[in-house]
Amino acid sequence: MSSTTYRLAIALLGKGSTNHLHRKEVVEAFLQRGVSIHFLVREDYIDILSRIDTCAYSTVSFAKLSGFRAFLKPIFEYVRNLYPSSDPGRKSYFGMMSRYKRSASFRVLDHFYRFLARYQAVVRCIAFLEGYFALYDTVLGLDPKKIDQLLLLGVGTASSELEGHLVWWAKDHNIPIVSIIGNYDNLTSKGFRGVPVDRLLVWGPNMREDAITFHGVPEDKITEIGSIRYNTSFKTLPGNKEEFIISLGLDPHKKTILFAGFFYEFHYFEMMEIYRLLLAKGTDCQLILRVYPNKMLMSSVFMAPLLDWAEKQEGVYVSIGDPDFGSGSQDKSVLQIEEYELCNSLSCCDCVVNIFSTISLEACIFDKPAINMYYFQEPLSALARTPLYHDYEKFFHSRRLVSYGAIQTTRNRDELIAAIEYALEYPSRLATERKKTVELECGLFDGGACKRLVEACVQEYHQR
């Protein structure tokens, strides 16, 4: 093997990992540097992926823990996920999760765990113990002699637990690792990292600071490269507005509202009612109803009849976020998120409505007014207990994003209708705030993220 050629394994295990790493742009950039690519794919997705001819593919599976390791692993993970337990968002999130667990022993233990999760030094030790005792030998079916470097999404936090297994396995075999962050909230809303970091690739200045402050990653191990998705799909996929709108069966001369829902079925029904009320008031608009990529949501008894009905309504197009919702494990993260309709919808719409999701940031990228629908279904009197909803507004990343002043939060139907009407009438309002949001959160946005990714990986490999 020459000094300029090595074998890179890229893991496709967690949410949206194929959108970031299983891309022709990424593969071609590595091949130009003489680096061969071998994708390690979660078993339930190996037959779903559209393969890239120049790459190798294999599945990776994980052994189930047993004995004291199976007992310790969820405890270690839970304490890490609590961090930083002093943050208002973490307090609210985990407080709601434990509110109905009434046993005195659980409450005492939970208070102890929260006390531990206040301190970075403690969760850092817990992460080390978790890897040392529980994870290093759980990876099955991989030959370490065929891998010279490992690239993966995430740092072993919530939603990237499988990547954590792979990192500890690689460490045990002395394989160098490069970690890349996939979403703007991954370092602030998922607890403390579960793995050591050799090289961490982040989007921009805010994410760099998050890595240092929340995860104790040394600054010299962090490289800013921008977002892979935003520097590729968001620059190349949007096409002609009129042609795209017509392809959806909509009218290119009407104002278009993009609604990007979340886990809760209620919000999709509510948006359809708001659309009806807007039409009744004489607002000349149409609606793209974007369904969140989540297999449990798509299997809900409410969604199939709702979407069937919505598709038949004039001026409504239903966009499905998970193109493979009928395949893959129903209880695991979605690896592949639909991008063509998403990017073009963001480019062509006149305002975006969502529920404290990444879509707010993406609306800012396309300089579109962004509105949070932040209210929930009123509880029925027949319920024995009032439903508890996570207070997304308190999450650190939500607080920071809203603090830029680019995104409006509405708390009832009347406020939302008024906000939509105003956004359609005055789309340029808050344009300066949206630009600032993108600069701080997304970092470099010049189309060069893939090149910077490759340079960082190659440099890290040769410096090992």
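Overall, the anisotropy analysis places region 67-123 in the oblate class: the square-rooted eigenvalues a ≥ b ≥ c of its C-alpha gyration tensor yield a/c not less than 1.5, with a/b not exceeding b/c. Using the Stokes-Einstein relation with a Kirkwood hydrodynamic radius computed over Cα pairs, the translational diffusion coefficient of region 11-85 at 37 °C and a viscosity of 0.692 mPa s comes to 219 µm²/s.
Is the C-alpha gyration tensor of region 186-275 telling us rounded, prolate or oblate? Criteria: a/c under 1.5 is rounded; beyond that, a/b larger than b/c is prolate, otherwise oblate. The shape class here is oblate. Where Rh is the Kirkwood radius over the Cα pairs of the chain, the temperature 25 °C and the viscosity 0.890 mPa s, what D in µm²/s does Stokes-Einstein return? In µm²/s, the coefficient is 105. Pairs of Cα atoms nearer than 8 Å and 6+ residues apart set the relative contact order; for the chain it is 17 percent.
Here the Karplus curve 6.51 cos²θ - 1.76 cosθ + 1.60, taken at θ = phi - 60°, turns the phi angles of region 49-60 into couplings of 4, 8, 6, 9, 4, 7, 10, 9, 9, 7, 8, 10 Hz, with x standing for Gly and Pro. With a Förster radius of 25 Å applied to the C-beta separation of L129 and A56, the computed FRET efficiency comes to 0.10. Among the listed pairs K394/K435; K295/K394; K190/K241; K145/K235; K312/K435, those with a Cα-Cα distance over 32 Å are K190/K241; K145/K235; K312/K435.
Annotation: the antiparallel percentage among DSSP beta bridges lying fully within the chain is about 5. The stretch between A431 and L380 holds 14.3 nm of extra length on full extension. This uses 0.36 nm per residue minus the Cα-Cα distance.
Coordinate-derived values only; no laboratory data. Keep in mind that this is a model prediction, so the values were computed, not measured. As a convention, Cβ positions derive from the backbone with ideal geometry for all residues, glycine included, and neighbour counts pool all protein chains shown.
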